[in-house]
Amino acid sequence: MAAVRKPGGRDVGGAQGYAAEWARAVRRLGFVPLSAGETERLLHLHSVRLAAALLAEPFTAGPADEVGRALVEAHLTEPGVLDWSVRALGERFLDRVLPDHPRTARTAERVAALQGALAAGFARALRDRTFTQQERIARSAWQARDEVEQALRDSEARFRAVFAGAAIGIGIAGVDGHVLDVNQAFSDMLGYSIEELRQINVASLFHPDDAVGMWELYQELIEGKHDSARVEKRYYRKDGSVVWTDLAVSLVRYDDGRPRFTVAMIEDITQRYELQQRLRFQALHDPLTGLPNRTLFFETLNLLFETAGPERRVGVCFLDLDGFKAVNDSLGHDLGDRLLVAIADRLADCVAARGHLVARMGGDEFVILVEDGEEIDDVVGVAEAALAAVSAPVRVGDHQLAVSASVGIVECPVGTTDASELMKAADTTLYWAKAEGRGRWAVWDPERSAQDIARSALVAGLPAALERGEFVLHYQPIVSLLEGSMLAVEALVRWQHPELGLVGPDRFIGLAEETGLIVRLGEWVLRQACRDADAWRREFPDARLVVSVNLAARQVEDPAIVDTVADALARSGLPAELLQLELTESAVMGTAGEPLRSLYQLAGLGVRLAIDDFGTGYSNLAYLRRLPIQCLKLAGPFVEGIREDGPEAATGHRDERIVDALVRLAHALELWVTAEAVETEVQAERLRALRCDTGQGRWFGPPVPAGEITARLRGAAT
């Protein structure tokens, strides 16, 4: 890449040659108030500044603007000078000054920016100078017209020279808006002849989209409320096309202060405006699909919340393609991008065509804003239309793909939420839809969200709760159905939550299993139960009370489970035969490998093993016979079916026969049987008649703290 020296340094590259060519062109185009050498040195300095600006990081076109102004300040104001300078900057500057600089799109953009800035700086400087001269000339003429007629003629001549030769448009109009005179630049800009413009009222040139505001501004100007005004506005050319301009209007008054006429100076900024619009489009639209992007979507949504009344309803459909990652992974990102373009086109056709904004949020996520819905069914209809459009097979290259999507739907009055909360709700609802399967939509439910938030709070608080010792054990008696004595207790964990109070296991055990914390929590339960059981053993040695502890599937699969149980027994001093470990039927059936070895090793320690909730899962009886278990705990639904005679007696008798069969089966396998969920005396009596060994449930006592079990043992001892 060619280096560029700073002013005063050693010349590098072709800046000197380019400056010489520039100087020759300037002198050829008109009068130059400098010598040839001075002109070349001045333009060499500007060539170096332009090259330095092109290479600078970060890039700014400001130096080119300064060069344009400097040309005017050096009185190089012939119209052809600007034309040659701008064209040469684009056509030959890189070749002559920076021949080794790479020709990239980025370089082309920078050159274009420098061209625009140079032209703008030149035009503004010329406009400012012309404006200043015009005002000075006008004031001098009005003040000295009676004293120096010759000065007036000279001033008029100078004004006419500037007026006619200015590169920017200059127009003069009366206070009624009738055009009095314009220069050639003004005429060329609008495509009319000067004579045609002298027959026109300025109001007829206004663009209809800004005519009202512009006419009011013009009225205030000619009424003397303002001396000047400056705006960017559109004009119609004679051929019907639109030109964007930078308009500066000044009011010229009579000596007594009355408005006399207005002077307008107009610069054509159409190219700059179009460039700004292109850049804005690029900033607010997704480059892959052409849809509005996340930024434009949130701009629109925030504007809606700022301007709409609180009762106006707004809806959002948050759409995510199902399994899009698999498409990228299996067929490649290029094909995945083509699929996204096809889906975007479909959404634009079926949704945007109805007046709804559809935007790409990123990846395979799209969002639809429904502003004119009156109720949730309207938004659901939009979501269903989008899903139908997406679900049709898509042909991409040689592949025909079946695509589906999930949609989260939120609809509510504007006054009940804000943009951020609305999108958060849509994201949550999309998660619900995906959890229910492919090609589904789900509607925002505040109650479900509150439950999810509470669930998340419990998940987040579980580890700290274990560290702070917030978990406690309650024990439910297991009673002999024959003798009525308490033979065992089942340890049941509770969470003594600092805000929610005593939380049951149904609210956090599943969360502990999902997060993997169940292993640590289960170990704590095991150790605490062993300590409590050993305390009962020492105080009531004749009771021989067994403590039953539940093991989760993850605990059974943990290679360290045998060591953990052995250590808990050793540290507490509890004999192994007084500990029973309960495993669910689903966790035991089909157990193989290390978990199966662990069961035999646990049995080898002398620990009792029981299958909990027996009869609710897949019971392989042949496999059951080979497991080292001592007890079956019949699932509660079978026991609950045993009722007194009544309308449901037939169902109760059927459940009773099932229980009878299960008890006989267990006894045939030499297993002890415990019936769970015994709630009534009738159930207890019938279970006793069926020769069930032990029972557990509210009839025999609810889960209670360890102290109440101690009190019950003391009562039995006396």
key: Three-way shape label, the stretch 418-569, alpha-carbon gyration tensor, a/c 1.5   = prolate
remark   = In terms of the alpha carbon gyration tensor, root eigenvalues a ≥ b ≥ c, rounded if a/c is under 1.5 and otherwise prolate when a/b exceeds b/c or oblate, the stretch 438-501 is oblate
task = May I have the pair-distance distribution P(r) for the chain, computed from all Cα-Cα distances with 10 Å bins from 0 and rounded to whole percent?
result = 2, 10, 12, 12, 12, 12, 9, 6, 6, 7, 6, 3, 1, 0
query = Binned at 10 Å from 0, what are the whole-percent values of the Cα-Cα distance distribution for the stretch 505-612, short to long?
reply = 15, 48, 30, 7, 0
key: Residue order for TRP244, TRP441 - accessible surface, 1.4 angstrom probe, largest first   = TRP441, TRP244
note = One quarter of the C-alpha convex hull surface, i.e. the mean projected area of the stretch 309-381 in nm², amounts to 5.4 nm²
ask   = Among all stretches of the chain without exposed GluC sites (Glu not before Pro) (DSSP loop, at most 12 other Cβ atoms within 10 Å), which one is longest?
value = 1-146
request  = Just tell me which lysines come within less than 27 Å, Cα to Cα, of LYS434; anything on the same chain fewer than 8 places away is out.
outcome  = LYS325, LYS424
remark   = Scoring only Lys, Arg, Asp and Glu (+1, +1, -1, -1) among other residues with Cβ under 10 Å from the Cβ of ARG294 yields -2
query = Helix 270-284: angle to the longest alpha-carbon principal axis of the chain, degrees 0 to 90, nearest 10?
reply = 0 degrees
At 0.890 mPa s and 25 °C, Stokes D of the stretch 664-714 from Kirkwood alpha-carbon radius, µm² per second = 200 µm²/s
message = Just to make sure I understand: if all protein chains stay in place, what is the order of VAL367, VAL546, VAL242 by accessible area at 1.4 Å, largest first?
response = VAL242, VAL546, VAL367
request  = With label points built 7 Å along Cα→Cβ from the Cα atoms of LEU180 and PHE298, find their separation and express it in nm.
outcome  = 5.4 nm
ask   = Under the definition of Cα pairs under 8 Å and six or more residues apart, what whole-number percent is the relative contact order of the stretch 188-277?
value = 24 percent
query = Taking only Cα atoms, what is the 0 to 90° angle, nearest 10, from helix 333-350's long axis to the longest principal axis of the chain?
reply = 80 degrees
inquiry  = Before I look further, what does the chain give for accessible area per residue, probe 1.4 Å, in whole square angstrom?
reply    = 49 Å²
key: chymotrypsin sites (Phe, Trp or Tyr not before Pro) lying in DSSP loop within the stretch 261-299, provided at most 13 other Cβ fall within 10 Å   = none
ask   = For helix 419-435, what angle does its Cα long axis make with the longest principal axis of the chain, in degrees from 0 to 90 and rounded to 10?
value = 50 degrees
message = Rounded, prolate or oblate for the stretch 248-352? Axes are the square roots of the Cα gyration tensor eigenvalues, ordered a ≥ b ≥ c, and the cut-off for rounded is a/c under 1.5.
response = oblate
message = Below 8 Å, C-alpha to C-alpha, sequence gap of six or more: please give me the relative contact order for the chain in percent.
response = 6 percent
remark   = At the level of C-alpha centres, the distance separating the stretch 695-714 and the stretch 445-522, in angstrom, is 18 Å
ask   = For the chain, what % of the accessible area comes from carbon and sulfur atoms, probe 1.4 Å?
value = 51 percent
query = How big is the Kirkwood radius of the stretch 323-479, worked out from every pair of different alpha carbons and given in Å to one decimal?
reply = 18.3 Å
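The values are calculated or read from the model by the stated rules, or taken from the named source; none is laboratory data. Small disclaimer: the values here were computed from a predicted structure and weren't measured. Reconstructed Cβ throughout: ideal geometry from the backbone, glycine too, with neighbour counts over all protein chains shown. Surface areas here come from the heavy atoms of the whole protein model, side chains and all, with no ligands, DNA or RNA. Shrake-Rupley method; radii C 1.70, N 1.55, O 1.52, S 1.80 Å.
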